[in-house]
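The values are calculated or read from the model by the stated rules, or taken from the named source; none is laboratory data. The structure displayed is predicted, hence computed values, not measured ones. All Cβ positions, even for glycine, are placed from backbone atoms using ideal geometry, and neighbour counts span all protein chains on display.
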Amino acid sequence: MGAGPSARSDPMRSVFTMLMAIAFGFFIGKSFPSLSISKLSIPTSLILCTEVSFPKCEAQEIKDRPRSSSLASNEIQNSSANQSQGDIWVPTNPRGAERLPPGIVAAESDLYLRKLWGNPSEDLTNKPKYLVTFTVGYKQRKNVDAAVKKFSGNFTIMMFHYDGRTTEWDEFEWSRKAIHVSVPKQTKWWYAKRFLHPDIVAPYEYIFIWDEDLGVEHFNAEEYIKLVRKHGLEISQPALDPKSKGFNWQITRRRVGQEIHRDENPSPPGCPGPREPPCAGFVEIMATVFSRDAWRCVWHLIQNDLVHGWGLDFSLRRCVERAREKIGVVDSQWIVHQAVPSLGDQGEASQEKKPCQGVRERCKMEWGMFNNRLVAADEDYLRPKQS
C-alpha cells in the first residue's frame, strides 16, 4: 500500500522543527549579555571532562576534594619553601653552603660508629671524649696492643695501616671497635692531613697522634689528661725514659720528681735562646698530644705534599699563644722510644741505596723545603706592613 499524506509530511515537520529551534537559540543568544565562564561557579572537573578522557577527569575530581587542614598547611609551607630557595644567601655559612638555611647546616662530623637500624638518637651509649691514632704495621702488633690497652673507653681508637694488613688485627678484641684506615706506604702526617680534619675531630678534647714503637709500661692515658689540664698544656708529649735509644732533643728527657717541664733549665750551649725551640716551647712529633684548638691550627700548618713532618715540631709554637707556657713535657707519665725503623723498610731499594736510606734523604729534603716555605710565607705577609 502507498503512504498517505500524513506519513509523507512527517520528515518535513521534523526539519521545520529543527530550523525553528536553531533560530530561537540564536535569538536568545543575541538578546542577553555575554557571560564570562570564569564568573560561574562551575566545577573545574566538569570543564576538563569536556576536553579530556574519563580517567583524567577522575583524578582531577580526587584532587578537588576537601583536604584536612594539616595537609593543606604542609602544602602551603612546601610551596613557600620552594619559592624562597632562590633567595637564600648566608655568607657566614661554611664555604659552599651559602645557599642553605643555617638551621640545616651540619658543619662538623665525628668518628663515632653508627647503627644501621633503630632510632639515630639511640646509636651512642658512650661518646668518647678523646682520640688516639697509631700508624702501624702488623709486625708491631704486640707493641701496639700493649699501647692501646693503656687507653680507656673514653678514647676512640683509630689505626692507620701503612702495610695494607687490617683484618689480621681482629685477633685483638679492641680492634673490632677501632676505626681502620689502610693506605700502603704512607706516614702518619699524610693520614692526619687527609682523615683528621678539624671539623671531623671536633668532638674530641684531645687528639693523640702516636707512633707504633713506644713502650708504655709507665703511662696511663687518663692520668696524663689530668696533668695536661692541670698545667694548661695545649701541645704536649710524655717524657722519654733515659733508657730510650738515643735522644734527638734533650728537652724531652724525663726529669724525676716533677709532674711536667716546659724548657731546658739551664739552657744548654746549643740553644738559640732560652725561649726558643728546641729548648722551650717544643715537643717532638713521635708521641704528640694536641688540644682541639691547637690541632685546628696545626692541621693547617701541615703541608699536603710533605709527609714526614720533619721540621714541624719547631713550628708548633706558632699555633699556641704564650707557647712557652702552654707547650710542655709530662714527666710523671713517661714512655720509652724503641726507635724501630719500620717505616724505613717501606722505601724503595736500588743498587746504590737501601730502602731506609732513600726515606731518610726524603725526610731531610722535606725539612729544608718546609723551612723555606715558612720563611717565604713570613716575608710575603710582613712585607706590606713594613713598606
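Could you please tell me which pairs satisfy a Cβ distance under 7 Å, a separation of 6+ or placement on different chains, a first residue in segment 93-109 that is of a type outside the set (A, V, I, L, M, F, W, C), and a second residue that is assigned to a helix (DSSP H, G or I) and surrounded by 10 or more Cβ atoms within 10 Å (Cβ to Cβ)?
93/102
Do we have residue 152 as loosely packed, with under 15 Cβ neighbours inside 10 Å, touching a helix residue (DSSP H, G or I) at 6+ places or on another chain (Cβ under 6 Å) and at negative phi here?
Spelling it out, residue 152 is indeed loosely packed, with under 15 Cβ neighbours inside 10 Å, touching a helix residue (DSSP H, G or I) at 6+ places or on another chain (Cβ under 6 Å) and at negative phi.
Among the candidates 166, 135, single out the residue that is more than 23 Å from residue 305 (Cβ to Cβ), within 25 Å of the chain's Cα centre (by Cα) and among the β-branched types (Val, Ile, Thr).
166
Can you work out which of the residues in segment 84-120 that are acidic (Asp, Glu) and closer than 23 Å to residue 192 by Cβ is surrounded by the most Cβ atoms within 10 Å (Cβ to Cβ)?
Filtering segment 84-120 for residues that are acidic (Asp, Glu) and closer than 23 Å to residue 192 by Cβ, the one surrounded by the most Cβ atoms within 10 Å (Cβ to Cβ) comes out as 110.
Restricting to segment 229-249, and then to whatever is over 15 Å from residue 210 (Cβ atoms) and of a type in the set (A, V, I, L, M, F, W, C), can you tell me which residue is modelled with the highest pLDDT?
By that ranking, first place goes to 233.
Please indicate, with yes or no, whether at least one residue in segment 185-200 is at pLDDT 95 or above, among the small types (Gly, Ala, Ser) and in contact with a Ser or Thr (Cβ under 8 Å, 6 or more places away or on another chain).
yes
Select from segment 228-248 the residues that are touching a Phe, Trp or Tyr at 6+ places or on another chain (Cβ under 9 Å) and surrounded by 18 or more Cβ atoms within 10 Å (Cβ to Cβ) and list them in ascending order.
228, 234, 235, 236, 238, 239, 240
Go through segment 193-227 and count every residue that is surrounded by 23 or more Cβ atoms within 10 Å (Cβ to Cβ), of a type in the set (A, V, I, L, M) and within 17 Å of the chain's Cα centre (by Cα).
The number of residues fulfilling the criteria is 3.
Which condition from (1) among the aliphatic types (A, V, I, L, M); (2) farther than 16 Å from residue 207 by Cβ; (3) at pLDDT 95 or above is the one that residue 158 breaks?
So residue 158 meets the others, but not (2).
So residue 158 ticks every box in (1) under 25 Å from residue 299 (Cβ atoms); (2) in contact (Cβ under 8 Å) with a residue 60 or more places away in the chain; (3) not β-branched (Val, Ile, Thr) but one. Which box is left unticked?
(2)
Which ones in segment 235-264 are charged (D, E, K, R) and more than 35 Å from the chain's Cα centre (by Cα)?
241, 243, 245, 253, 254, 255, 259, 263, 264
In the set 320, 256, which member is among the β-branched types (Val, Ile, Thr) and within 22 Å of residue 338 (Cα to Cα)?
So the residue among 320, 256 that is among the β-branched types (Val, Ile, Thr) and within 22 Å of residue 338 (Cα to Cα) is 256.
Based on this model, can you work out whether residue 283 counts as buried (at least 19 other Cβ atoms within 10 Å of the Cβ) and not in a loop (DSSP other than H, G, I, E, B)?
no
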